[in-house]
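**Q** Before anything else, here's the structure in question.
The values are calculated or read from the model by the stated rules, or taken from the named source; none is laboratory data. Predicted model only: the values in this text are computed from it and were never measured. Please note: Cβ atoms are built from the backbone with ideal geometry, for glycine as well, and neighbour counts cover all protein chains shown. Side chains are part of the model used for accessible areas, which takes the heavy atoms of the whole protein and leaves out ligands, DNA and RNA. Shrake-Rupley method; radii C 1.70, N 1.55, O 1.52, S 1.80 Å.
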Amino acid sequence: MKRVEVGIIGSGGIFQGAHLPAYPDVQEAKLVALCDVSEEVLKRAAGRTGEIYLDKAKKAEEEGKQELAERLKDDVKDVKTYANAEEMLSKEDIELVDICTPTKFHNTLAIEALKSGVNVMVEKPMARTYLECLDVIEAVEDAGKLYQHNENWLYDVIWYNSKKFIESGVIGEPQLVFVATAHGGPEWASWFWDPEIAGGGALLDNGVHAITASWFLNGFDMKPTVVKAAEPYGICIRMKSRVLQGMFKPFVVEDDAHILIRYEDESGAWSTAHVEGSWSHRDSMETRIVGTDGEIQPTEEEDGVVLKIVDAFGGVRRIPLGKRSWVTSFAGEIRNMCNCVINKVEPVCDEKIGAETTAIVQSAYLSQKKGKKAVTLEEFKRYALRLREKAGKDASDLLLKEMLEAIKPYT
């Protein structure tokens, strides 16, 4: 089997916690190098890589899968470490880089890798601003390489199976999707709360999962056209006290966001999504996908995930999906990109999907800035491009600053 040689840029939290445990399960991927600017993080990542691969090799031997065990042991012998991306890209014969750094560095590292002739996949969000995304799109076109906007939710049992049932027609034409992604906040890492590094708060970090999932469910052939910060909360600071770096600190990015998105297609059909991206826990409606003939209600029960398909008369069809695995969804996105590289096929979630997702987020910020008035994506894009004409290389930072001006404590 053809295998894709992969280099990691950014070997900290999301890599060690989510990507790394998935790599041994992806036969198409051969992890060859780890890169991080932090010597401590890099050392810890190398150690964890050895532990995870050898542990899975041992389990494979116990199950009588000797060939798999030998592959895992051979793979982990060859993984090298680098302190900077330029050196890794110049010394290793890498076909694909997996970028897992803080958001500020997503676009520059992606562009550097593309210019080196390497295919790229990048953790969400694609970049801090829509303008930074446009620079990546240009680099993809110039390089003629593949780019995947990494959204693991597309490979999660809930969203993947919901999509299949929607396409089968069981709920008719989709009309309304409620999707929330919410938790108490990443207080363990201070960079999430720094707009200059993160590009935003809960909406850009957490909310992009729900945004891309809502679009995926409706179909990527539909286009996001209108965005609105939803009443009453909009995009704001809800929990005003946070312990960051061991002490109470003020913060300026949103820890709660509720937005509405309108998707339309060329026939004039439309659907609406209500998305919550929150670091102050969920307070929106539970996830459901409502169509003209029924709805899908995903639930997590003791025995695993169940899709409840409810018809117009209240009848319920229960679809058991088994246990939900965080690692499996990341393995899905890695496997998908490796097979795209092998077969020279564009990923379903590419640079254009990533850029539009960021445009949705920043359109929502503009809506909040305009007093929660609805904003078309075209209106936001004109706003952003005018800034680029006016401010040149400083445009992205200026756009970021202007979009976050309206983030205030909710009263």
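**Q** Percent relative contact order of the chain, based on C-alpha pairs within less than 8 angstrom and at least six residues apart?
**A** Relative contact order for the chain comes out at 19 percent.
**Q** Tell me, how many Å apart are the Cα centres for the range 112-137 and for the range 376-396?
**A** After rounding, the separation between the Cα centres reads 18 Å.
**Q** Continuing with this model, one more query. Given R₀ = 41 Å, FRET efficiency for Ala391-Asn84 by Cβ-Cβ distance, to 0.05?
**A** 0.90
**Q** Could you tell me the relative contact order of the range 253-386? Use alpha-carbon pairs under 8 Å, at least six residues apart, and round to a whole percent.
**A** About 11 percent, as a whole number.
**Q** What is the distance in Å between the Cα centres of the range 30-50 and the range 183-221?
**A** 25 Å
**Q** Which whole-number percentage describes the relative contact order of the range 19-74, with Cα contacts under 8 Å and a sequence gap of 6 or more?
**A** 27 percent
**Q** Which value in nm describes the separation of the simple spin-label points at Glu61 and Asp311, placed 7 Å from the Cα toward the beta carbon?
**A** 5.5 nm
**Q** Students often get this wrong, so try it: which of [x] 16; [y] 20; [z] 66 is percent of Cα pairs over 40 Å apart as calculated from the structure shown?
**A** [x]
**Q** What is the antiparallel percent of DSSP beta bridges lying wholly in the range 173-285, to the nearest 5?
**A** Close to 75 percent.
**Q** Then there is this: State, to one decimal in nm, how far the label point of Glu39 lies from the label point of Arg282, with both points 7 Å from Cα in the Cβ direction.
**A** Each label point lies 7 Å from its Cα, and together they span 4.5 nm.
**Q** Using a Gaussian network model on the chain with a 10 Å cutoff between Cα atoms, which of Ala198, Ala331, Ala69 fluctuates the most?
**A** Comparing Ala198, Ala331, Ala69 in a Gaussian network model of the chain, the most mobile one is Ala69.
**Q** Moving on to the next point. If you roll a 1.4 angstrom probe over the protein chains with everything in place, what fraction of the accessible area of the range 107-192 belongs to carbon and sulfur, to the nearest %?
**A** Result for the range 107-192: 49 percent of the exposed heavy-atom area is carbon or sulfur.
**Q** So if I take the alpha carbon set of the range 202-330, get Rg, then get Rh from the Kirkwood formula, what is the Rg over Rh ratio?
**A** On the Cα set of the range 202-330, Rg over Rh gives 1.03.
**Q** Same structure again: What is the magnitude of the charge dipole of the chain about its Cα centre, with +1 placed on the Cβ of each Lys and Arg, -1 on the Cβ of each Asp and Glu, and no other charges, expressed in debye to the nearest 20?
**A** The dipole of the chain has a size of about 760 debye.
**Q** I'd like to know which of Thr81, Phe165, Gly277 lies farthest towards the positive end of the charge dipole of the chain, counting +1 on Cβ of Lys and Arg and -1 on Cβ of Asp and Glu.
**A** So the residue furthest toward the plus end is Gly277.
**Q** Take Val348 and Ser325, extend 7 Å from each Cα along the Cα→Cβ direction, and tell me the distance between the two endpoints in nm.
**A** Result: 1.9 nm between the two label points.
**Q** Another question about this same structure. Among Pro24, Pro250, Pro298, which one shows the biggest mean-square fluctuation in a GNM of the chain, springs joining Cα atoms closer than 10 Å?
**A** Answer for the Gaussian network model of the chain: Pro250.
**Q** Let me ask something else about it. To the nearest 0.05, what FRET efficiency results for Thr108 and Tyr410 with a Förster distance of 25 Å applied to their C-beta separation?
**A** Using R0 = 25 Å, I get an efficiency of 0.15.
**Q** Got a sec? Charge dipole of the chain, +1 on Cβ for Lys and Arg, -1 for Asp and Glu; which of Pro298, Thr357, Ala384 is way out at the positive end?
**A** Result: Ala384.
**Q** I would also like to ask the following. Percent of Cα-Cα pairs more than 24 Å apart in the range 314-411, please.
**A** Of all Cα-Cα pairs in the range 314-411, 51 percent lie more than 24 Å apart.
**Q** Can I ask one more? Considering only DSSP states other than H, G, I, E and B, which trypsin sites (Lys or Arg not before Pro) in the range 55-164 qualify as loop sites with at most 15 other Cβ atoms within 10 Å?
**A** Passing sites in the range 55-164 are Lys65.
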